[in-house]
Amino acid sequence: MWILSSSRHSTAGILAQDGSINGKELLDHLYRFVNDLYPSAKIISKYSAFIPSASDPSFYDQPCAGDNWILVGDAAGHTEPLLGEGIYYAMKSGQLAAQAITAGDIIGYDKLWRDCYGNILKESSINKQNLLVLTDKFGSEAYGAFLYYNIFMNQL
């Protein structure tokens, strides 16, 4: 769960593994989380989306370009497997796709994105596999502890 605030409004969100919880329960968790922190908050709008996220590193071995076709961003599954972050990958893959198209080498896009961030996505999907094993054994709190630890360690 997260809350991102600006001077005019805040955005709250929640992320779950597909099939791990039903939508109503997920929203109930989110509403309680927000209400605990901001009891007077009012919901202005709601939005939900399925964010593709690979847990199998071999997913990233699949082609994302071919004769007269190219996949970028979410369509290519280019989201960070642990956090679901995809804006950077959408923008970067769009830039790399444009570069490949401009060079007249659409199939070359696969090498471009893999060289740029492919290993990051693969490593993160391996971490996600390991984390799913931990959550099966120790509960969902293990996921939060793992993410907190990784975020904290990256700040040092």
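The values are calculated or read from the model by the stated rules, or taken from the named source; none is laboratory data. The shown structure was predicted, so the numbers you read here are calculated from the model rather than taken from an experiment. Neighbour counts are summed over all protein chains in view; Cβ atoms, including those assigned to glycine, are modelled from backbone coordinates with ideal geometry.
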Problem - Failed criterion for LEU132 (all others in (1) part of a helix (DSSP H, G or I); (2) touching a Lys or Arg at 6+ places or on another chain (Cβ under 6 Å) hold) - result: (2)
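Out of all the residues in region 68-75, is one or more in a helix (DSSP H, G or I) and either of a type in the set (Phe, Trp, Tyr) or touching a Lys or Arg at 6+ places or on another chain (Cβ under 7 Å) (or both)?
Step one: list which residues in region 68-75 are in a helix (DSSP H, G or I), which gives 73-75.
So of that shortlist, the ones also either of a type in the set (Phe, Trp, Tyr) or touching a Lys or Arg at 6+ places or on another chain (Cβ under 7 Å) (or both) come out as none.
No; the residues of region 68-75 include none that is in a helix (DSSP H, G or I) and either of a type in the set (Phe, Trp, Tyr) or touching a Lys or Arg at 6+ places or on another chain (Cβ under 7 Å) (or both).
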Exercise for the section: Say whether the condition of being within 18 Å of GLN129 (Cα to Cα), among the β-branched types (Val, Ile, Thr), under 21 Å from the mean Cα position of the chain (by Cα) and assigned by TED's automatic domain parsing to the domain that holds ILE120 is met by at least one residue in region 67-79. Expected result: yes
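For residues that are in contact with a helix residue (DSSP H, G or I) (Cβ under 9 Å, 6 or more places away or on another chain) and either among the basic types (Lys, Arg) or touching a residue at least 12 places away in the same chain (Cβ under 8 Å) (or both), scanning just region 21-47, find the one that is surrounded by the fewest Cβ atoms within 10 Å (Cβ to Cβ). Before you say what the answer is, go through the steps one by one.
As a first pass, look at region 21-47 and keep what is in contact with a helix residue (DSSP H, G or I) (Cβ under 9 Å, 6 or more places away or on another chain): 21, 41, 43, 46.
From the residues that got through so far, the ones that are either among the basic types (Lys, Arg) or touching a residue at least 12 places away in the same chain (Cβ under 8 Å) (or both) too are 41, 46.
Details: ALA41: 14, LYS46: 7.
The residue in question is LYS46.
One line per residue, one yes/no per condition, for (1) outside the structural domain of SER125 (by TED's automatic domain parsing); (2) closer than 28 Å to ASP136 by Cβ; (3) of a type in the set (Lys, Arg); (4) assigned to a loop (DSSP other than H, G, I, E, B):
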residue	(1), (2), (3), (4)
SER20	yes, yes, no, yes
GLU25	yes, yes, no, no
SER45	yes, no, no, yes
ALA49	yes, yes, no, yes
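Being aromatic (Phe, Trp, Tyr), farther than 21 Å from ALA16 by Cα and in a helix (DSSP H, G or I) narrows it down to one residue among TYR88, TYR117; which is it?
Exactly one residue qualifies, and that residue is TYR117.
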Fill in the blank from the handout: ILE106: passes all of (1) within 16 Å of the chain's Cα centre (by Cα); (2) of a type in the set (A, V, I, L, M, F, W, C); (3) modelled with pLDDT of 90 or more but (1)
Completion exercise
So, first residue within 16 Å of ALA98 (Cα to Cα) in region 112-126, second residue crowded, with 19+ Cβ neighbours inside 10 Å, Cβ within less than 7 Å, six or more apart or across chains; the pairs are LEU112/LEU96; LEU112/ALA100; TRP113/CYS64; TRP113/SER93; TRP113/LEU96; CYS116/LEU96
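Kindly indicate which of LEU82, LEU15 is farther than 21 Å from ILE107 by Cα, part of a loop (DSSP other than H, G, I, E, B) and in the same structural domain as ARG114 (by TED's automatic domain parsing). Write out each step before concluding.
Numbers: LEU15 fails: in the same structural domain as ARG114 (by TED's automatic domain parsing).
When all the criteria are applied, what remains is LEU82.
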